[in-house]
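Step one of this worksheet: look at the structure below.
The values are calculated or read from the model by the stated rules, or taken from the named source; none is laboratory data. This is a predicted model, so every value here is computed, not measured. Because the Cβ atoms are built from the backbone with ideal geometry, glycine has one as well, and the counts that use them run over all protein chains shown.
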Amino acid sequence: MKVLLVEDDTMIGENIQIALEGEAILVDWVTNGVTAENALHMHSYDALLLDLSLPQRDGMDILRALRSRGDSLPVLVMTARDTVAQRVLGLHAGADDYLVKPFDLDELIARLHALVRRARGRIELLYKNGDIAINSITKEVTNSHGQIILSSREWAILDALITRPGAILSRSQLEERLFGWSGEVESNAVEVYIHGLRKKLGQKFIVNVRGVGYMIEKTG
């Protein structure tokens, strides 16, 4: 899973980032509304964690603009604006969920998973191909011999592919899942982790579409 975190408070942002990365969630963290808008236009995310009181552009404006262009990205609003009227305003503007600061990080993580789970649809929670079964929520991967252990970066690649079975993801799209838009990209990293996944899941599990990218087959 890859999320955009928009939070201008350094301490809060750092704590959220550490907590999410501890759950193997890739985080792009920005601290103002303008940078947030640019990131949303340029990159793909599974969810948006949005503070409302931001420098340069208010979070509510970002939310309204996102929905006005038909983007259904799951949005969890995090704010100190704690009156009922303000919460209702945020939900009417298109927020999917709302957390009032201060909040518990475990609750944030649970709500984030719930949002992404609803967005993906129940049918995508379990991907099965042959004797391979992958649970996108528990991150469990099994075959007829039992559980298969993946590294966090192998899971990042696999999660991106099982979210869109049958779709071809380019090398650059998979690199974003590994490093984020601001991270330093390691040379041939995608190929290294694809190779590792094929050793564990089978050589034919991930298809290489030459010159385009990688995919896994759509089943059912």
Does at least one position in region 19-38 carry a residue that is in a helix (DSSP H, G or I), of a type in the set (A, V, I, L, M, F, W, C) and closer than 26 Å to residue 151 by Cα?
-> yes
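Which residue, of 199, 139, 204, is out of contact with any strand residue (DSSP E or B) (no Cβ under 6 Å at 6 or more places or on another chain) and on the phi > 0 side of the Ramachandran plot?
When all the criteria are applied, what remains is 139.
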Among the candidates 119, 133, 110, single out the residue that is of a type in the set (Gly, Ala, Ser) and modelled with pLDDT under 90.
-> 119
Which residue pairs have Cβ atoms under 6 Å apart, sit 6 or more places apart or on different chains, and have a first residue in region 199-214 that is in contact (Cβ under 8 Å) with a residue 60 or more places away in the chain and a second that is crowded, with 16+ Cβ neighbours inside 10 Å?
-> 201/132
Residues of region 39-50 satisfying the condition of being in contact (Cβ under 8 Å) with a residue 60 or more places away in the chain and assigned to a strand (DSSP E or B) | 47, 49
Does residue 80 satisfy being more than 14 Å from the chain's Cα centre (by Cα), outside the structural domain of residue 172 (by TED's automatic domain parsing), touching a residue at least 12 places away in the same chain (Cβ under 8 Å) and surrounded by fewer than 18 Cβ atoms within 10 Å (Cβ to Cβ)?
-> yes
When you go through 62, 148, 132 one by one, which is the residue that is among the β-branched types (Val, Ile, Thr), assigned by TED's automatic domain parsing to the domain that holds residue 169 and either surrounded by fewer than 14 Cβ atoms within 10 Å (Cβ to Cβ) or free of Cβ contacts under 8 Å to residues at least 60 places away in the same chain (or both)?
-> 148
Out of all the residues in region 51-67, which are part of a loop (DSSP other than H, G, I, E, B) and on the phi < 0 side of the Ramachandran plot?
-> 52, 53, 54, 55, 57, 58
Being loosely packed, with under 12 Cβ neighbours inside 10 Å and part of a loop (DSSP other than H, G, I, E, B) is the filter; apply it to region 187-216 and report the residue that is modelled with the lowest pLDDT.
-> 187
Inside region 104-179, counting only helices (runs of 4 or more DSSP H) that do not spill past its ends, which hold 2 or more residues that are more than 12 Å from the chain's Cα centre (by Cα) and farther than 21 Å from residue 16 by Cβ?
-> 152-163, 171-179
Out of 94, 70, 13, sole residue that is without any contact (Cβ under 8 Å) to a residue 24 or more places away in the chain and either in a strand (DSSP E or B) or crowded, with 18+ Cβ neighbours inside 10 Å (or both) = 13
Look through 49, 40 and report the one residue that is surrounded by fewer than 23 Cβ atoms within 10 Å (Cβ to Cβ), outside the structural domain of residue 156 (by TED's automatic domain parsing) and within 14 Å of the chain's Cα centre (by Cα).
-> 40
